[in-house]
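Peer 1: Here it is, the structure in full.
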Amino acid sequence: MNLKESLIWDAHAGIFPSPEIDLHILEFWKKHSVNYLSINVGFDVMSRDETLAALAAYRRWLLAHPDQFLLAGTLSDIDNARNTGRLAISFDIEGINALAGDINMVEVYHSLGVRQMLFAYNLNNSAAGGCHDIDIPLTKFGIEVLAEMNRVGMIVDASHVGYSSSMELIERSCSPVVFSHSNPWSVWEHQRNIKDEQIKACAEKGGVVGLNGLAIFIGENDSSSEGLLRHLFGLIDLAGSAHVGLGFDYTPDINVDLGAILSARPDYWPAGQQYDTPNIGHAGPSKLRDLVDGMQARGLSEIEIKGILGENFARVARKSWMEM
Ligand SMILES: [Zn+2]
């Protein structure tokens, strides 16, 4: 199977959001046949101002490089990028703190290219519970934000969110909810990985779970293709092949001192969760060939494989972005 014949959708990159980042690193995804990538412009550690600064810098950079990239807001933008050999990009935000408590910001972010938003980043916030914190339901503000995201057309993302809040998002949302970059707990017990019930509930409502390539979510700092495939097949067994996708959470080497960032806010990456592992590995789009070979060896049909490579997330986007 030729990767170029499939839509390849990477639902989340793990690039640290900052106006200082040189986005030439995005060429890596292009080189590995990815057609669409969502990059985050903020997460709960950052303020609204810092998120807007990263968003503004990324927009300006992408608009200045139209030969290689396309700032996408619709499925037809993504088709257009694919047909012209460019990488389509839109933005996501990891956590509701970027709203600064102001519901009006949802539509503003949407108008600036944000097409997917997570409700929390590891810790509880004003909207929802985080996966490394005490389990809580959605707050009143969280329920309002969900309705506003459904109204403006943003993908509702439950990665990094705590158990009860994620189940409530799936229950309440008008559009299918995704876990853009989350692996199954049944394969590797890490608090960032998600339980069978979350995966099944997500699939039952038409959602998709994206396979994460960060080695500490796969096993003992395991970034092997075999490790990735173990998680991929674990997701397929639980959700069905129509509800699995890719969200590698990948970042190439960047000029940002991640160790310093993590140690400045240890509360967001708590002890006992392998975050202090030296030289954490990372599987990303360079593993696509191995993944396809592994899926073919397991007897998945071409339609199922194309779904996992991109069509499944595109289906959710079509519904969430109200293009049906
Ligand atoms: Zn993340």
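The values are calculated or read from the model by the stated rules, or taken from the named source; none is laboratory data. Fair warning: this is a prediction, and the values are worked out from it, not measured in the lab. Counting neighbours? That spans all protein chains shown, and the Cβs are built from the backbone with ideal geometry, glycine included.
Peer 1: Scan 55, 70, 7, 26 and give me the residue that is under 19 Å from the mean Cα position of the chain (by Cα), assigned to a loop (DSSP other than H, G, I, E, B) and either more than 16 Å from the ligand (Cβ to nearest atom) or of a type in the set (Phe, Trp, Tyr) (or both). Steps first, answer last, please.
Peer 2: Values: 55 fails: assigned to a loop (DSSP other than H, G, I, E, B); 70 fails: assigned to a loop (DSSP other than H, G, I, E, B); 26 fails: assigned to a loop (DSSP other than H, G, I, E, B).
Only one candidate qualifies: 7.
Peer 1: Here's a check for you: in segment 1-49, which residue that is of a type in the set (D, E, K, R) and free of Cβ contacts under 8 Å to residues at least 24 places away in the same chain is nearest to residue 261 (Cα to Cα)? Full working, then the answer.
Peer 2: Step one: list which residues in segment 1-49 are of a type in the set (D, E, K, R), which gives 4-5, 10, 20, 22, 27, 30-31, 44, 48-49.
Now narrow it down to the ones that are free of Cβ contacts under 8 Å to residues at least 24 places away in the same chain: 5, 31, 49.
On the way: 5: 39, 31: 29, 49: 18 Å.
Once the filter is applied, the top-ranked residue is 49.
Peer 1: Could you tell me whether any residue of segment 230-253 is more than 24 Å from residue 307 (Cα to Cα) and either out of contact with any Lys or Arg (no Cβ under 7 Å at 6 or more places or on another chain) or among the basic types (Lys, Arg) (or both)?
Peer 2: Applying the first criterion (more than 24 Å from residue 307 (Cα to Cα)) to segment 230-253 yields 252-253.
Still in the list and also either out of contact with any Lys or Arg (no Cβ under 7 Å at 6 or more places or on another chain) or among the basic types (Lys, Arg) (or both): 252-253.
Yes; the residues of segment 230-253 include at least one that is more than 24 Å from residue 307 (Cα to Cα) and either out of contact with any Lys or Arg (no Cβ under 7 Å at 6 or more places or on another chain) or among the basic types (Lys, Arg) (or both).
Peer 1: Let me ask another. Can you pull out the helices (runs of 4 or more DSSP H) entirely within segment 198-291 that have at least 2 residues that are crowded, with 19+ Cβ neighbours inside 10 Å and touching a residue at least 60 places away in the same chain (Cβ under 8 Å)? So that I can check it myself, show each step before the final result.
Peer 2: Numbers: elements: 215-218, 225-239, 258-264.
In segment 198-291, the matching helices (runs of 4 or more DSSP H) lie at 215-218, 225-239.
Peer 1: Now a separate question. What is the residue count in segment 116-155 for residues that are within 16 Å of the ligand (Cβ to nearest atom), out of contact with any helix residue (DSSP H, G or I) (no Cβ under 6 Å at 6 or more places or on another chain) and farther than 26 Å from residue 266 by Cβ?
Peer 2: Within segment 116-155, residues that are within 16 Å of the ligand (Cβ to nearest atom), out of contact with any helix residue (DSSP H, G or I) (no Cβ under 6 Å at 6 or more places or on another chain) and farther than 26 Å from residue 266 by Cβ number 1.
Peer 1: Next question, about the same structure. Among the residues of segment 174-197, write down those that are away from the ligand (no atom under 14 Å from the Cβ) and either free of Cβ contacts under 8 Å to residues at least 12 places away in the same chain or touching a Gly at 6+ places or on another chain (Cβ under 9 Å) (or both).
Peer 2: Step one: filter segment 174-197 for residues away from the ligand (no atom under 14 Å from the Cβ), giving 174-177, 184-189, 195-197.
Passing the criteria: 175, 176, 177, 184, 185, 186, 187, 188, 189.
Peer 1: To continue, here is another question. Given the criteria within 15 Å of the ligand (Cβ to nearest atom), at negative phi, crowded, with 19+ Cβ neighbours inside 10 Å and over 14 Å from the mean Cα position of the chain (by Cα), does residue 44 qualify? Before the answer, list the steps.
Peer 2: Working: within 15 Å of the ligand (Cβ to nearest atom): yes; at negative phi: yes; crowded, with 19+ Cβ neighbours inside 10 Å: yes; over 14 Å from the mean Cα position of the chain (by Cα): yes.
The answer is yes for residue 44.
Peer 1: Identify, from the list 150, 104, 122, the residue that is within 30 Å of residue 291 (Cα to Cα), polar (S, T, N, Q) and modelled with pLDDT of 95 or more.
Peer 2: Of the residues listed, the single one that is within 30 Å of residue 291 (Cα to Cα), polar (S, T, N, Q) and modelled with pLDDT of 95 or more is 122.
Peer 1: As an exercise: evaluate residue 174 against (1) more than 20 Å from residue 284 (Cα to Cα); (2) part of a strand (DSSP E or B) and give the number of the one condition it does not meet.
Peer 2: Here residue 174 clears every test but (2).
Peer 1: Return the total of residues in segment 158-171 being aliphatic (A, V, I, L, M) and assigned to a helix (DSSP H, G or I). Break it down into steps so the answer makes sense when it comes.
Peer 2: Step one: filter segment 158-171 for residues aliphatic (A, V, I, L, M), giving 158, 161, 167, 169-170.
Within this subset, residues satisfying the condition of being assigned to a helix (DSSP H, G or I) are 167, 169-170.
Summing the residues that are aliphatic (A, V, I, L, M) and assigned to a helix (DSSP H, G or I) in segment 158-171 gives 3.
Peer 1: In addition: Test residue 187 against the stated conditions and say whether it is more than 19 Å from the chain's Cα centre (by Cα) and under 20 Å from residue 283 (Cβ atoms).
Peer 2: Here the answer is yes, as residue 187 does meet what is asked.
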